[in-house]
Amino acid sequence: MIVGEMIRPLTPTGLAVAILCGIIIGLERQISGKPAGIRTSSLICLGAYIFVSINGLMHADTDQTRIVAQIITGIGFIGAGVMFAREGIVIGVTSASVIWVLAGIGILIGYARYTLAVFLSLVVVCLLVGVNILEKAIISLQHGVHKKTKKKKHDISEME
């Protein structure tokens, strides 16, 4: 049995692109020590791709936009899980936004827009890295939650 037949309606190309896009974005997040690293990013992208693809198995009279709408709604719950308040400041908004964009990229892959999906993954990484560079270089961008502080090294005994 050919692999393409076993995984229909998914395609080997779609699976590979979904995982690749997740890796592209997830690598930046993991290197930066942020939530939603390689595994999570790949799974979000892959999951959105799978849901859009299986939507094609439904009856022709089914509203195809409902799956996309449900992905967008559902991914909001995952994004909300990475945001929290610390000392009166909400953090994790960028990570939640990245999760939202990953789902959008997965949706594009579900519609076989592979080149656009990879391009947007690279745009996201350039945006994240570029803004980090700007924030480090321009002091006036370092206010509030964007204030750069040196992280303390914690002793194991402090974590207990």
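Every number here is computed from the coordinates shown, using simple stated rules; none is lab data. Here the structure is a predicted model, which is why all the values come from computation and not from measurement. Cβ coordinates were reconstructed from backbone atoms using ideal geometry, including for glycine residues, and neighbour counts include every protein chain displayed.
Data table
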{"read-out": "Share of alpha-carbon pairs per 10 Å distance bin for the stretch 3-145, given as whole %", "value": "12, 38, 31, 14, 5, 1"}
{"read-out": "Neighbour-count ranking [beta-carbon atoms within 10 angstrom, fewest first] of 45, 126", "value": "126, 45"}
{"read-out": "Efficiency of FRET from Cβ geometry, residue 86 and residue 27, R₀ 22 Å, rounded to 0.05", "value": "0.30"}
{"read-out": "Radius, Kirkwood style, for the stretch 77-116 when every pair of distinct Cα atoms is counted (Å)", "value": "11.3 Å"}
{"read-out": "Inter-label distance, nm, simple model (7 Å from Cα along the C-beta direction), residue 133/residue 62", "value": "4.5 nm"}
{"read-out": "Three-way shape call for the stretch 1-86 based on the alpha-carbon gyration tensor, with the a/c threshold at 1.5", "value": "oblate"}
{"read-out": "Relative packing of 61-67, 12-18, which averages over residues the other C-beta atoms within 10 Å, highest first", "value": "12-18, 61-67"}
{"read-out": "In order through the stretch 117-126: 3J(HN,Hα) via Karplus (6.51 cos²θ - 1.76 cosθ + 1.60), integer Hz, x for Gly, Pro", "value": "4, 5, 4, 5, 4, 5, 4, 4, 5, 4"}
{"read-out": "Dimensionless Rg ratio for the stretch 43-122, taking C-alpha atoms and the 2.2 N^0.38 Å reference", "value": "1.25"}
{"read-out": "Relative contact order (%) - the stretch 3-145, alpha-carbon pairs under 8 angstrom, separation at least six", "value": "27 percent"}
{"read-out": "Neighbour-count order for 97, 53, 41, 140, fewest beta carbons within 10 angstrom listed first", "value": "140, 97, 53, 41"}
